[in-house]
Structures are given as C-alpha cells and as structure tokens.
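The block underneath contains the structure these notes are about, expressed in structure tokens.
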Ligand code: HEC
C-alpha cells in the first residue's frame, strides 16, 4: 500500500502537470499567425465600388461586428469574453498587412474566429477585405 506521503507527491505532480498543460494551451493561442508567402502575395481581384462596399457592410454588421465591433475596433459585444481578443481592423498593424494576408486569415480562421471559407463565398470574403480597408479611411 502507498504511504500518505507518496500519495501527496503524486497529487502535486499531477497538479503541476495540469498547470503546465494549461499554460501550454494558452501559449499556443498567442503564437504568431503565420500566413504562407504565396497567400500574402495574392491581390484582391474585385473592383471596389460603392455597391460592393454596401453589400460588405451588411455582411460585416451581421457576421463580424459581434466580435470586431460595428466600426471594426475589436470591441464588439462578444469581445470581452474572448481570448485572444478580436483584431482591431483599423489598427496600423492591419493597415500594413496585405489584402492577401487578411483574406487568408479570414478564410482559414483561428479559434475563436470561424473558418469563413466554409461560410462565405470567395467574392464575399474579398468584399469584406475592401470593407475593412474602408473602416480605416472613414475614421
Ligand atoms: C467569434 C468572434 C469573431 C468573429 C465572429 C469574427 N472574428 Fe475575426 N477575429 C477574431 C479574433 C479573436 C481574431 C484574432 C485571432 C488571433 O489573433 O488568433 C480575429 C482576427 C481576424 C483577422 C486577422 C487580423 C490580423 O491579425 O491580421 C481578420 C482579417 C478578421 N478577423 C476578419 C473578420 C471578418 C471579416 C469577420 C466577419 C466575416 C470576422 N473576422 C468575424 C474573432 C472573430
């Protein structure tokens, strides 16, 4: 039979292991989001017009604003409870990212953001990239 001391040791080892595991999982989330170079280089094939922007606004308000906020500041009603936080689509980091890179991230998703290639058409996703750009301009 095991001694009480052995049991205690086993228990504390388990606790440490669990903590390491949780820390590891949290770290996985803060990993840089690597976009393949080929995807980064892709240019937006759509012509941005008032009509496509209007359509994208409707898509954005319905699909994206709950997390990213109506104006794309990353402050939607669901944002407070999310880790990592939804990106601020008007930030300098996003402004400097290529259309292709944003399109790829939107398409692939990363928890908690859904994989939009399964939800929206390619045209809708490119329209949304134009819309994200317009959010920075209309500040
Ligand atoms: C459930 C909440 C949620 C919804 C809905 C959502 N996003 Fe996101 N989005 C996030 C989070 C969180 C991140 C940051 C993910 C990360 O860094 O790992 C993110 C990141 C992004 C990025 C990448 C920004 C960067 O780092 O370059 C883009 C682009 C984006 N979202 C666009 C959209 C668009 C467009 C929609 C609507 C079609 C949308 N998101 C809907 C939560 C959401």
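Can you spot a residue in the stretch 61-76 that is within 17 Å of residue 121 (Cα to Cα), more than 8 Å from the ligand (Cβ to nearest atom) and at pLDDT 95 or above? For the stretch 61-76, residues within 17 Å of residue 121 (Cα to Cα), more than 8 Å from the ligand (Cβ to nearest atom) and at pLDDT 95 or above: present.
Among the residues in the stretch 44-55, are any at pLDDT 95 or above, within 8 Å of the ligand (Cβ to nearest atom) and crowded, with 16+ Cβ neighbours inside 10 Å? No, the stretch 44-55 contains no residue that is at pLDDT 95 or above, within 8 Å of the ligand (Cβ to nearest atom) and crowded, with 16+ Cβ neighbours inside 10 Å.
In the set (1) surrounded by 15 or more Cβ atoms within 10 Å (Cβ to Cβ); (2) more than 8 Å from the ligand (Cβ to nearest atom); (3) at negative phi, residue 38 fails one condition alone, (1). Candidates in the stretch 1-33 are the residues that are outside any helix (DSSP H, G or I) and surrounded by fewer than 10 Cβ atoms within 10 Å (Cβ to Cβ); of these, the one that is modelled with the highest pLDDT is 32. Within the stretch 116-125, none of the residues are within 12 Å of the chain's Cα centre (by Cα), in the same structural domain as residue 80 (by TED's automatic domain parsing), more than 17 Å from residue 42 (Cα to Cα) and in a loop (DSSP other than H, G, I, E, B).
The values are calculated or read from the model by the stated rules, or taken from the named source; none is laboratory data. What you see is a predicted model; the values in this text were computed from it and never measured. Every residue, glycine as well, gets a Cβ built from its backbone with ideal geometry; the counts of neighbours run over all protein chains shown.
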